[in-house]
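I have placed the structure first, in the form of structure tokens, so that the comments after it can refer back to it.
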Amino acid sequence: MDINNETIFVTGANRGLGLAFAREAVRRGAKSVYAGMRNTDGFDEPGIVPVRIDVTDPASVGAAAATAADTTILINNAGVAALIDNPLAADFEAQSKALFDVNFYGLARVTQAFEPGLSKHHHAAIINVLSDIVWLPRPYLTPYAASKAAAWSYTNQLRFHLAEPGIQVLGLHVGFLDTDLTNGIDVPKTSPVDVAIQTFDALAAKKSEIMADKGTVLLKSTLSDEVPGYITPPAGLY
Ligand SMILES: NC(=O)c1ccc[n+]([C@@H]2O[C@H](COP(=O)([O-])OP(=O)(O)OC[C@H]3O[C@@H](n4cnc5c(N)ncnc54)[C@H](OP(=O)(O)O)[C@@H]3O)[C@@H](O)[C@H]2O)c1
């Protein structure tokens, strides 16, 4: 599905990857671009309409879906991360609940609210922003990894369920991006603009999944190995 002449709604679009998606949609000639964000104050970007949405708040999600009822491409981008000591840390449960509320339940809430509008169109799409972390052992990111793995699973069920009404569901997996989320982490990072471009190209090519950097491509390629990357990460990966 091409972006040109479509109506896009992106969650978490005031900064980072979400803003890169919104700007790239404008550049590709989208009819309307809604940028979902928790605080719309001072947001001023040519061709982009800010819409208030907190994905943890069902009332705000419902109001945003009503405001943007003409959406044909939903991008579930909003996400949060947190570092913990390890999977047995005392704050594991509290951090997991907070992260699941945004990264898993939030994604599902927004999808449920927008789906009736999407289904009314002859063609529509949902892009879910996932991560390479679903296949990567990083104990300090355990709550984040679990929430993204749950979102990956939801994406796979959703894709199958929505095949009949013809809604394209695209899962985006990517490693470290150069955004606020990875401030202070000193590793090579991919540009969010590059990821937005690759993702929209994959959508146009009718793909169901995209691995948006070399590390994620390498990691996924190990999944059927005798010792896959989620047991022993491939050499040279970050
Ligand atoms: N950065 C990476 O290395 C990386 C790698 C793989 C996947 N991802 C995923 O990419 C997506 C975008 O992340 P990013 O790197 O652009 O991070 P970011 O710069 O920290 O942006 C996160 C965005 O999510 C929004 N958000 C957080 N909680 C929200 C809520 N309850 N309701 C609505 N919006 C909320 C934030 O809004 P506020 O400004 O109000 O906080 C912000 O707009 C996330 O799903 C993330 O998990 C990132």
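The values are calculated or read from the model by the stated rules, or taken from the named source; none is laboratory data. Source: prediction; values computed, not measured. Here the Cβ positions follow ideal geometry from the backbone for every residue, glycine too, while neighbour counts run over all protein chains shown. These accessible areas exclude ligands, DNA and RNA; they are computed on the full protein's heavy atoms, side chains included. Shrake-Rupley method; radii C 1.70, N 1.55, O 1.52, S 1.80 Å.
To the nearest 10 degrees, how steep is helix 16-27 against the longest Cα principal axis of the chain, on a 0 to 90 scale?
Rounded to the nearest ten degrees, it is 40.
How far is the Cα center of segment 170-238 from the Cα center of segment 75-131, in Å?
18
Please report, as a whole percent, how much of the solvent-accessible surface of the chain comes from carbon and sulfur atoms (probe radius 1.4 Å).
54
Summing Lys, Arg as +1 and Asp, Glu as -1, what charge do residues with Cβ under 11 Å from the Cβ of Glu24 carry, Glu24 excluded?
That works out to +1.
Order 95-101, 177-183 from most to least packed using the mean count of other Cβ atoms within 10 Å.
95-101, 177-183
Could you tally the net charge around Asp85, taking each other residue with its Cβ under 15 Å from the Cβ of Asp85, Lys/Arg +1 and Asp/Glu -1?
-1
From Cα pairs below 8 angstrom and at least 6 apart in sequence, can you work out the relative contact order of segment 7-221, rounded to a whole percent?
Value for segment 7-221: 19 percent.
Given the options Ala125, Thr155, Val55, identify the residue whose Cα lies farthest towards the positive end of the charge dipole of the chain (+1 on Cβ of Lys, Arg; -1 on Cβ of Asp, Glu).
Ala125
So between Arg15 and Ala94, what do we pick up on full extension, going 0.36 nm a residue minus the alpha carbon distance?
On the way: separation 79, 0.36 × 79 = 28.44 nm, distance 2.58 nm.
Contour length minus the Cα-Cα distance gives 25.9 nm.
Can you give the net charge of the other residues whose Cβ lies under 13 Å from the Cβ of Asp178, counting K and R as +1 and D and E as -1?
Here the count lands on -2.
Hey, what number do you get for the chain at 222 nm if only DSSP H runs of n ≥ 4 count, each worth -39500 (n - 2.57), divided across all residues, to the nearest 500?
Numbers: 7 runs with 90 residues, N = 238.
One gets -12000 deg cm²/dmol as the mean residue ellipticity at 222 nm.
Which residue fluctuates the most in the chain, going by a Gaussian network model with Cα springs under 10 Å, if the choices are Ile197, Ile126, Ile75?
Of Ile197, Ile126, Ile75, the most mobile in the Gaussian network model is Ile197.
Hey, quick one: spin label on Lys120, modelled 7 Å out along Cα-Cβ, who in segment 49-77 has an amide N within reach, i.e. under 17 Å?
62-74
Find how much the distance from Thr232 to Ala69 grows on full extension, using 0.36 nm per residue of separation minus their present alpha carbon separation; answer in nm with one decimal.
Value of the extension gain: 54.2 nm.
Roughly how many debye, to the nearest 20, is the charge dipole of the chain about its Cα centre, given +1 on each Lys and Arg Cβ, -1 on each Asp and Glu Cβ, and no other charges?
Using Cβ point charges on Lys, Arg, Asp and Glu, the chain gives about 400 debye.
Quote the Stokes-Einstein diffusion coefficient, in whole µm² s⁻¹, for segment 178-238, based on the Kirkwood radius over alpha carbon pairs, a temperature of 4 °C and a viscosity of 1.567 mPa s.
97
Extension gain Ala205-Arg38, at 0.36 nm per residue separation less the Cα-Cα distance, in nm?
Full extension of this stretch gives 56.9 nm more.
What is the pair-distance distribution P(r) of the chain, computed from all Cα-Cα distances in 10 Å bins starting at 0, with each bin given as a whole percent?
Histogram of Cα-Cα distances, whole percents per bin: 8, 33, 38, 17, 4, 0.
Running a GNM on the chain with Cα contacts under 10 Å, which residue among Leu88, Leu19, Leu162 ends up with the highest mean-square fluctuation?
Leu88
Quick one: putting +1 on the C-beta of Lys and Arg, -1 on the C-beta of Asp and Glu, what dipole do you get for segment 1-132 around its Cα centre, in Debye to the nearest 20? It would help to have the intermediate numbers written out before the result.
Details: 10 positive and 15 negative charges, 79 e Å.
Computed about the Cα centre, the dipole is about 380 debye.
Name the long-range amide H neighbours of Leu162: under 5 Å, sequence gap of 5 or more, or other chain; modelled H, no Pro or chain starts.
none
What's the lysine pair count for the chain at a Cα cut-off below 25 Å, pairs eight or more apart or interchain?
Final tally of qualifying lysine pairs is 17.
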